[in-house]
C-alpha cells in the first residue's frame, strides 16, 4: 500500500490488479510515478496493490484480495468514496 505524498488534493484510491507471474513489488515504481502525476492534477492518490494467486488449476480469486487492499487503505486513513480499479495484463481482464 502506498499512501499519498501530496499534502493536499482530492483523495482517490486505486486498487491495482497485477498481471500473471507478477508480484506487487513489480508495480511500486509505476505506482509512485502515477502518484506524482496525479498530484500534479490536484489529486491525493492512495494505491493498493494486492497479491493474486494465479494458476492453471485455480482461477484467481478477485474479491478477497481487493477487499483486503480496501481494508488496508481505509485502515491507513483513506476515507473517501473515490475508488478505482486498474489492471495490467491478465489483471486487466479480471478487472
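The values are calculated or read from the model by the stated rules, or taken from the named source; none is laboratory data. Predicted, not measured: the structure shown is a model, and the values here were computed from it. Glycine gets a Cβ as well: all are built from the backbone with ideal geometry, and neighbour counts include every protein chain shown.
In the range 71-95, how many residues are part of a helix (DSSP H, G or I) and at pLDDT 90 or above?
The number of residues fulfilling the criteria is 5.
Give the number of residues within the range 77-95 that are over 24 Å from residue 53 (Cα atoms) and over 14 Å from the mean Cα position of the chain (by Cα).
Total meeting the criteria: 4.
Could you grab me the full set of residues in the range 51-70 that are at pLDDT 95 or above and assigned to a loop (DSSP other than H, G, I, E, B)?
none
Would you point out the residue of the range 4-24, among those that are part of a loop (DSSP other than H, G, I, E, B) and in contact with a strand residue (DSSP E or B) (Cβ under 6 Å, 6 or more places away or on another chain), that is surrounded by the fewest Cβ atoms within 10 Å (Cβ to Cβ)?
9
Here is a check on your reading of the model: is residue 15 touching a residue at least 24 places away in the same chain (Cβ under 8 Å) and touching a helix residue (DSSP H, G or I) at 6+ places or on another chain (Cβ under 6 Å)?
Considered against the rule, which asks whether it is touching a residue at least 24 places away in the same chain (Cβ under 8 Å) and touching a helix residue (DSSP H, G or I) at 6+ places or on another chain (Cβ under 6 Å), residue 15 comes out as yes.
Go through the range 25-50 and count every residue that is buried (at least 18 other Cβ atoms within 10 Å of the Cβ), within 12 Å of the chain's Cα centre (by Cα) and in a helix (DSSP H, G or I).
Going through the range 25-50 one residue at a time, the tally reaches 4.
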